[in-house]
Amino acid sequence: MTSTPINILAWILRLAAAIIMLQTLYFKFTAAPESVYIFSTLGLEPWGRIGIGSLELIASILLLIPKTTSLGALLAVGIMAGALLAHITQLGIVVQNDGGQLFGLALAVFICCSILLLIFRKQLVSYIPFIHA
């Protein structure tokens, strides 16, 4: 892959989204009180916390593999859309006095991965056997 501005941007977006998702896994997988609070409020504790954490791990790995970036971005957009919706409808923008940090991180991943979907749209379409880009 050449180092064109789009490729550099794509790697920055991949890394940003993956790092954000990966750093939150510690809290989900160790049942940190903040994570337990969030998923209890949503009625998804503990399996939702573990399941979402597992999906975020898969999305992060897929994002970092060039041939599967579009799949990781699609998965992450879906997860983050759910997180943003949960914040807006049930949790609030600010959760346990975090100043909106979790909401902001979910929004950042959503935006990064939405842009990646635009950049890698042909790759994503190539996974659908009956559509040719």
- With a point put 7 Å past each Cα toward its Cβ, work out how far Gln23 is from Gln90 in nm, to one decimal. 2.6
- Probe 1.4 Å, protein heavy atoms only - accessible area per residue of the chain in square angstrom: 57
- In whole percent, what relative contact order does the chain give with Cα contacts below 8 Å and a gap of six or more residues? 26
- Message: Mean-square fluctuation check for the chain, GNM, Cα pairs under 10 Å: which of Thr68, Thr24, Thr41 is largest?
- Response: Thr41
- How large is log10 I(q)/I(0) at q = 0.14, 0.16, 0.26 Å⁻¹ when the Debye formula is applied to the Cα atoms of the stretch 48-133, each weighted equally and without solvent? -0.53, -0.66, -1.23
- Let me know the longest stretch in the chain that avoids all chymotrypsin sites (Phe, Trp or Tyr not before Pro) found in a DSSP loop with at most 15 other C-beta atoms within 10 Å. 1-126
- With each run of n ≥ 4 DSSP H residues scored as -39500 (n - 2.57), what mean residue ellipticity at 222 nm is computed for the chain after dividing by its residue count and rounding to the nearest 500 deg cm²/dmol? -23500 deg cm²/dmol
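Tell me whether the stretch 2-57 comes out rounded, prolate or oblate; compute the Cα gyration tensor, take square roots of the eigenvalues as a ≥ b ≥ c, and use a/c under 1.5 as the rounded threshold.
Since a/c reaches 1.5 and a/b is larger than b/c, the shape of the stretch 2-57 is classed as prolate.
The values are calculated or read from the model by the stated rules, or taken from the named source; none is laboratory data. The structure displayed is predicted, hence computed values, not measured ones. All Cβ positions, glycine included, derive from the backbone under ideal geometry; neighbour counts span all protein chains shown. Heads up: the accessible areas ignore ligands, DNA and RNA and are worked out on the full protein's heavy atoms, side chains in. Shrake-Rupley method; radii C 1.70, N 1.55, O 1.52, S 1.80 Å.
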